[in-house]
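Participant: Sharing a structure here in structure tokens format.
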Amino acid sequence: MGDRKRIALVDDDRDFLHMSRCLLESRGFDVSCYTDAQRAAGEMKTCVPDVIVTDLMMNKLDSGFVFIRVIRADRELAGIPIVIVTAIGARMGLDFAPRDAGDLKAMGADAFFSKPVDPADFIAKIEELAGERCQTEGT
């Protein structure tokens, strides 16, 4: 099958990390989990993922947004697809769901899911984005 695609999961919800890791590994992905966005951004410099999955609300309300800005500002990491998976709407009563592609781009993301996530939709999007990244790298 060749090199396994690497997925980085960034979330302070350990249950979500565990379930997502099991789901993604069952589909052949190599998965790294992080509960701290700052640590994740630093480690991604040495082990660059093919797709990043991040929550928005972690140790601070804006942790995910700050993390995405850091990734998008880094020349080596800026092209990695980012998937936002969050429960911020349910927890805070705020609607962060993008209305269209422009909203998604403004968020710095390639896909958005509200928790709880439908596993089939989640896997399909990760596989699509990992495949696109492979094609853009010329492999």
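The values are calculated or read from the model by the stated rules, or taken from the named source; none is laboratory data. Owing to the predicted nature of the structure, the values given are computational and were not obtained by experimental measurement. Here the Cβ is made from the backbone with ideal geometry for all residues, glycine too, and neighbour counts use every protein chain on show.
Participant: Taking the stretch 13-39 only, how many residues are within 19 Å of Arg69 (Cβ to Cβ) and modelled with pLDDT under 95?
Facilitator: Residues of the stretch 13-39 that are within 19 Å of Arg69 (Cβ to Cβ), as a first pass: 34, 36-39.
Adding the requirement that they be modelled with pLDDT under 95 leaves 36-39.
Number satisfying all stated conditions: 4.
Participant: So in the stretch 45-63, with the set limited to residues that are in a loop (DSSP other than H, G, I, E, B) and aliphatic (A, V, I, L, M), which one is nearest to Ala130 (Cα to Cα)?
Facilitator: Val48
Participant: Conditions: (1) surrounded by fewer than 19 Cβ atoms within 10 Å (Cβ to Cβ); (2) more than 13 Å from Asp12 (Cα to Cα). Ala87 meets all but one. Number of the miss?
Facilitator: Here Ala87 clears every test but (2).
Participant: Taking the stretch 50-102 on its own, how many of its residues are in contact with a helix residue (DSSP H, G or I) (Cβ under 8 Å, 6 or more places away or on another chain) and at pLDDT 80 or above?
Facilitator: Qualifying residue count, the stretch 50-102: 28.
Participant: Can you confirm whether Met44 is closer than 14 Å to Val85 by Cβ, surrounded by 12 or more Cβ atoms within 10 Å (Cβ to Cβ) and of a type outside the set (Lys, Arg)?
Facilitator: The answer is no for Met44.
Participant: Could you list all residues from the stretch 33-53 that are under 11 Å from the mean Cα position of the chain (by Cα) and over 18 Å from Arg72 (Cβ atoms)?
Facilitator: Correct list: Cys33 only.
Participant: Is it the case, given these coordinates, that Asp121 is at pLDDT 85 or above and either part of a loop (DSSP other than H, G, I, E, B) or over 19 Å from Ala78 (Cβ atoms) (or both)?
Facilitator: The answer is yes for Asp121.
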